[in-house]
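The values are calculated or read from the model by the stated rules, or taken from the named source; none is laboratory data. Just so you know, these numbers come straight off a predicted model, no measurement behind them. Note that we place each Cβ from the backbone using ideal geometry, even for glycine, and neighbour counts take in every protein chain shown.
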């Protein structure tokens, strides 16, 4: 899948093309309305292409929606791990950076983020099935990279590292969610600063209790 780049408030392909127009129009539509309320007519009218062309690239509205969902998480993955400092083998520091970069990505790509929020709130069985499979794949791939070649010698001898991973991931994600909920009226820069301080506090706490 070729990732459509996000530039100046919209998704832009390296070379403007009709498929890119469809993708951008569909993303805008699904970011504003739920899946069942968006029509293919609406998408092609905004993209200024024929419906036949839409179905040339995508077999169905669900196929287009699935493409957008997978593309969005690929963009998040790219933004997290591009030039990621893997030389730092401290797993808590890696997890903190992963969350901060993911948050920055969401702030940067507002339309994509609105789409993902709607996608994760959808209850239609076919959307839930699609979302579960692709999101699980994204999470597994992401955490595999974060946990790869970490320095396990930092941990105390009598701790269960796999259980610690679960506790830390749940805690940091919960902190992120609560921070966004409590400070959503603040600027993106301020919210990111608050989140960074919160994550720093908890990673310091984890190191105190789980490291030598």
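Summary table below
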read-out: Scan of the stretch 155-170 for residues that are touching a helix residue (DSSP H, G or I) at 6+ places or on another chain (Cβ under 8 Å), more than 22 Å from residue 80 (Cα to Cα) and part of a helix (DSSP H, G or I), ordered by number; value: 161, 164
read-out: Residue check for residue 96: farther than 29 Å from residue 30 by Cβ and in contact with a helix residue (DSSP H, G or I) (Cβ under 6 Å, 6 or more places away or on another chain); value: yes
read-out: All positions within the stretch 48-65 that are buried (at least 19 other Cβ atoms within 10 Å of the Cβ) and either within 25 Å of the chain's Cα centre (by Cα) or within 17 Å of residue 124 (Cβ to Cβ) (or both); value: 58, 64, 65
read-out: Cβ pairs under 6 Å, 6+ apart, first in the stretch 27-47 and closer than 23 Å to residue 128 by Cβ, second part of a helix (DSSP H, G or I) and modelled with pLDDT under 95; value: none
read-out: Check on residue 108, modelled with pLDDT of 95 or more and exposed (fewer than 13 other Cβ atoms within 10 Å of the Cβ); value: no
read-out: Residue that is farthest from the chain's Cα centre (by Cα), among those in the stretch 187-209 that are in contact (Cβ under 8 Å) with a residue 12 or more places away in the chain and farther than 17 Å from residue 88 by Cβ; value: 202
read-out: Candidates 149, 173, 184, filtered to the one that is more than 23 Å from the chain's Cα centre (by Cα) and either outside any helix (DSSP H, G or I) or touching a residue at least 24 places away in the same chain (Cβ under 8 Å) (or both); value: 149
read-out: Residue that is nearest to residue 79 (Cα to Cα) [pool: residues in the stretch 148-159 that are loosely packed, with under 14 Cβ neighbours inside 10 Å and modelled with pLDDT of 95 or more]; value: 148
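For every residue, the table says whether it meets (1) modelled with pLDDT under 95; (2) more than 30 Å from residue 204 (Cβ to Cβ); (3) in a helix (DSSP H, G or I).
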| position | (1), (2), (3) |
| --- | --- |
| 44 | no, yes, yes |
| 52 | no, yes, yes |
| 69 | no, yes, yes |
| 76 | no, no, yes |
| 80 | no, no, yes |
| 84 | no, no, no |
| 96 | no, no, yes |
| 102 | no, no, yes |
